[in-house]
Each structure stands twice: as C-alpha cells, then as structure tokens.
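Structure first, commentary second.
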Amino acid sequence: MLFFLCILLLAVAIGGWPVIVRYVARFFPRMRLYPASTWLPILAGILMVVSTQLPIIHISGETTTFQQHFVGGGMYAACLYLYGKQLFGWRIPWLIDPLALFAWVSALGVANKLSEFALLKLGVAHIYTGDAYWDLLANTLGGFVGYLLLFKFVHVAKDKG
C-alpha cells in the first residue's frame, strides 16, 4: 500500500510539472519557455501508476518487473523528454535526437537503480536487484517505443494548434 501511495504521489507531482515549471521560471527572468503539451507530463504520471498494475512478465525466469520498467520507466521517460524538448524549444538534429533520448532514458534508469540500491542498503525496502540488466533494457525499449508513438501525436497536436 505504501509503495502505491508513493507512486501515486510521484505521479501527481510529475503531472503538475507544467504548473511547477511556470512558477519556478518567474524567478529566472532570462529563462525562455515555449508552449508545450501539458498532457505529456500528465500522461507520464498516469503511465507510472498504470505500470504498477500490469501483469508480471517473466523472461527466462530472470525478470519480475519488465513491464513496469517498459511502461513506467521507458515510456514515462519518453513523455518527459518530448515535454522538455517542447518546453525549452530544443531543436535537436534527427541523427542526435535518438542519442539524446537514450542518454535521458539511461540517466533516469540508473537513477532508479541507485535509489533502489539505497533503499535496499538502508533496510527500507526489500528489492530484488538481480534483474537490473533486464530493467535497463526494458527502460530503453520502452523509451524508444514511447518516443515513436508519441512523436506522431506531438506533431499532430502541434499542426492542429
């Protein structure tokens, strides 16, 4: 129950990014923000919550959270990546864009693994870490699949708006 409440709290915080970023930007007058799809961070928060309720996929008996990392890690990261690109007006060449996405998804995946390690060593949670490689693979695959799916929606929304 505590795990789900933490995920829900984090999802609400991520969904509130459009409001938080606009508020913080007032203290940095030189920061330029561009119009961005507010539904992207909201979708990221929803994906995080939904990922905890997906059925468990066992791959060769080596992984227990592949689906959570694919949806709640990779696709979540893709939403935030596209939101950041829009919000800060980043114009990234198409050859560099997949590398930047990979770096973003990898950074979030490693941060997640480090937080799991800290919780484990502090005795706060009992987390199985033997599937870390599978989790990082799921994050990466989910990031690229999410990006490809969302990229079309973001451009369609931009063309209509």
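Values quoted throughout were computed directly from the atomic coordinates according to the rules given, and no laboratory measurement underlies them. The shown structure was predicted, so the numbers you read here are calculated from the model rather than taken from an experiment. Heads up, the Cβs are rebuilt from the backbone with ideal geometry, glycines too, and the neighbour counts pull from every protein chain shown.
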Helix-derived mean residue ellipticity, 222 nm - over the chain, DSSP H n ≥ 4, -39500 (n - 2.57), to 500: -21500 deg cm²/dmol
Local electrostatic count, Thr64, Cβ distance below 13 Å [Lys/Arg +1, Asp/Glu -1]: -4
Relative packing of 55-61, 112-118, which averages over residues the other C-beta atoms within 10 Å, highest first: 112-118, 55-61
Potential lengthening between Ala125 and Lys113 on full extension [0.36 nm per residue; Cα-Cα distance subtracted]: 3.0 nm
Environment charge at Gly143 (Cβ cut-off 14 Å; Lys +1, Arg +1, Asp -1, Glu -1): -1
Lysine pairs with alpha-carbon atoms under 18 Å apart, the chain, spacing 8 or more or separate chains: 4
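Just to be sure I understand: if I project the alpha-carbon convex hull of segment 1-142 onto a plane and average over all orientations, what area do I get in nm²?
Quarter of the Cα hull surface area: 9.9 nm².
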Kyte-Doolittle mean at least 0.0 and Cα axial length at least 18 Å: DSSP H helices in the chain: 2-15, 97-121, 132-160
Length-normalised contact order of segment 1-122 in % [C-alpha pairs under 8 Å, at least 6 apart]: 24 percent
